[in-house]
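Please read the structure below before turning to the comments.
Any read-out appearing in this document is the output of simple, stated calculations on the displayed coordinates, not a laboratory observation. Here the structure is a predicted model, which means the values were calculated and not measured. Using ideal geometry, Cβ is built from the backbone for each residue, glycine included, and neighbour counts are taken over all protein chains shown.
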Amino acid sequence: MTKPANHTLTWLKCLPETAPCAAKTPMETARAELDAAACAPKVELALEPSLGEGFRLEPQGEGYLLAGGETGVLYGAYRLLMACAAGDALPLGSHAPYYALRMLNCWDNADGTIERGYSGRSLFFEGGRFDYDPDRMRQLARMLASVGMNVLCINNVNVHENEHQLIEEAWLPQLAELAALFRPYGVRLMVSIDYAHPLRGGVPTADPLDARVAQWWKERADLVYSYVPDLAGFLVKADSEHRPGPFTYGRTHADGANMLAKALAPHGGTLVWRCFVYNCMQDWRDTVTDRPMAAYQHYAYLDGQFDGNVILQVKNGPFDFQVREPVSPLFYAMPKTNLALEVQLAQEYTGHQTDIYAMPPMWKEIFDDLPPSRVMAMAAVSNLGRDENYTGHPFAAVNLFAYGMTAWDPATDPAQVIRLWCRLTYSLPAQQEDALHALLMGSRRVYEKYTAPLGLCWMVEPHTHYGPSPMGYEYALWGTYHKANRDAVGIDRTSRGTGYAAQYPAEMAARYENRETCPELLLLFFHRMRYDDVMADGRTLIQRIYDDHFEGCDEAEEMARVLASLDLPPQDAQTAHERMVRQLRNAREWRDVTNTFFYRLSGVPDAKGRKIYD
Ligand code: GCW
């Protein structure tokens, strides 16, 4: 395979160009990183296993003492080096990650493609087999460790033919080799498995309560762990979008997850079970089924029935990584179950790493509604690929960086973390750094304004999910409808409608039920509204839709002007500018298609007389 010209990029610019490759342990990696860094002060390392993944930095003589568990020391070293490079105060005192598992989920396929990947082909696979550059793997491991991520799931949750081999004899030696590259960085691998795998291994059923199935998985886990003793565990997508699962046998997801968890338990492995379960074959004429209600219906009643090493992984919102959704009600419904919050760095519905979309402000909103203590782990769908800059758009790296920091500390301030990324990545003059910072901070809201209005979701081009298509999902099987007619738009999800709001704790439910207290940007998620309904600021709904679309597009044009004024490194500048041309085209298309769609239906002209096509 051809090696990209420059492996060192984005915030890793603050570290020595090459990743340490002789180190065998995180402690040795920490030593090597500190020794190679030009700016680092004198630091003595001390192993204090009781600190685990945490670390403590204190002044000592002329320099500092950095104490921690094996990986804690490494995290401390990276924080210290980043602080030095950014000119920030050193992270003195004690630090520990909030969540024990800080996972990155790659949706990579063995054929080299990536489901919803926008940064080129897979970093791990090509042509139906493993194919990677070890230097790049180390660099990747370093990127993850530098912001505290500790689990990397390397294959797609949709497991195809070839990827079965990841847990079969043929590929296990190679899985072990890959794991060895990540181990010195404190990153453990995880694999996605096919729930029905035993059927391929001579067992006539995949019924979780059948002893032969449990035995097959036990032996399989024993085999896998004999090659990769520190594998983090298995990730499972079952009974979802045509994947097999326990429903085939009339069993619950607790039956399925616990059976697998028992196979992993002797090895200290974790079973991560995704809750993205809904009817993807809905008839649009069916007005009773309301897709956002599905996860709660499938799982809430099972609270307390899962084994201790099971984690249910729940997408942040009840739909599917839309630009704006309320927090999934499942997070409030399962106090006796381990839950992981799943976010998506891959910009499936948020601009394909073509449009600029910095996510930290969005995650802050999630944590504002969801106390971090409600979950015990975080996972993010990766935005990485084989592109030289790893993330397609150079600015998309901010999301990877900030995700790691946020999973380490959910109280991370979006403005600060974005500022740190800007500073470590680009040495811009202060005014330009401020401009880039403001551009990134506002980018999500800009994107939101020119796409589907007020939490409506799903007006995207089917399948690709890039670009507007107001009717694209209207008569489809996916349970994603807005029911716009000449008078009104939206699904009533209050007690007068589908009843979705009642899945939340009473206080939240009441807030969403009532149009006066429902957050404005979620109005069309929860309510069906008439175009002439008057919003809090006195505008009608239709006028608000027009205004947002004109504003969002104007703001995208302003972003383009700001971008053009930045002295970015030539390669990043070129990529960012090319993509900005496409973002502007996208923004205009969204504005005009959406405005025209609502204008044709409602017949209401824009009060400000701007151009809406008829
Ligand atoms: O929204 C869907 C995506 C699928 C993805 C699925 C999931 C991996 O369009 O591509 O499959 O979500 O999260 O499982």
Self-check item: For the chain: rounded, prolate or oblate by the Cα gyration tensor [a/c cutoff 1.5]
Solution: oblate
Self-check item: Cα gyration tensor of region 218-265 - equivalent ellipsoid semi-axes, whole Å, descending
Solution: 23, 11, 8
Practice problem: Would you compute, from DSSP H runs of 4+ residues alone, the mean residue ellipticity of the chain at 222 nm, taking -39500 (n - 2.57) per run and dividing by the full residue count, rounded to the nearest 500? | Solution: -11500 deg cm²/dmol
Quiz item: Assuming R0 = 56 Å, what is the FRET efficiency of C280 and K42, from their Cβ-Cβ distance, to the nearest 0.05?
Solution: 0.45
Self-check item: 16 Å reach of a label modelled at D409, 7 Å along Cα-to-Cβ, counting backbone N of region 350-384
Solution: 364, 372
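When DSSP beta bridges are limited to those with both residues in region 6-94, what percentage is antiparallel, rounded to the nearest 5? Let's see the in-between values first.
Working: 8 of 13 bridges.
Close to 60 percent.
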Quiz item: Along the three principal axes, how long is region 472-580 when you take its alpha carbons, biggest first, rounded to the nearest angstrom?
Solution: 56, 34, 32
Practice problem: Would you please classify the overall shape of region 101-425 from the alpha carbon gyration tensor, given that a ≥ b ≥ c denote the square roots of the eigenvalues, rounded means a/c under 1.5, and beyond that prolate means a/b larger than b/c while oblate covers the rest? | Solution: oblate
Self-check item: Length-normalised contact order for the chain - Cα pairs under 8 Å, 6+ apart - percent
Solution: 12 percent
Quiz prompt | 18 Å cut-off, amide nitrogen to a point 7 angstrom out along T287 Cα→Cβ, residues in region 455-477 | solution = 474-476
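Would you work out if region 1-147 is rounded, prolate or oblate? Take a ≥ b ≥ c from the square roots of the eigenvalues of the alpha-carbon gyration tensor; rounded if a/c is under 1.5, else prolate when a/b is larger than b/c, oblate otherwise. Could the numbers behind the result be given before it?
Numbers: a/c = 2.38, a/b = 1.89, b/c = 1.26.
Since a/c reaches 1.5 and a/b is larger than b/c, the shape of region 1-147 is classed as prolate.
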Practice problem: Among the listed pairs K237/K364; K483/K611; K449/K608; K449/K611, give every one whose C-alpha distance is greater than 19 Å. | Solution: K237/K364; K483/K611
Quiz item: If you keep only loop residues by DSSP, which trypsin sites (Lys or Arg not before Pro) in region 6-38 have at most 16 other Cβ atoms within 10 Å of their Cβ?
Solution: K24
Quiz item: Between I311 and residues 5 or more places away or on another chain, which pairs have amide H atoms under 5 Å apart, with H built 1.01 Å from N, and which residues are they?
Solution: L271, V272, W273
Practice problem: With a Förster radius of 51 Å, plug the Cβ-Cβ distance of R610 and T113 into 1/(1 + (r/R0)^6) and report the FRET value to the nearest 0.05. | Solution: 0.75
Quiz prompt | Debye, to nearest 20: dipole size of the chain, +1 on Lys, Arg Cβ, -1 on Asp, Glu Cβ | solution = 420 debye
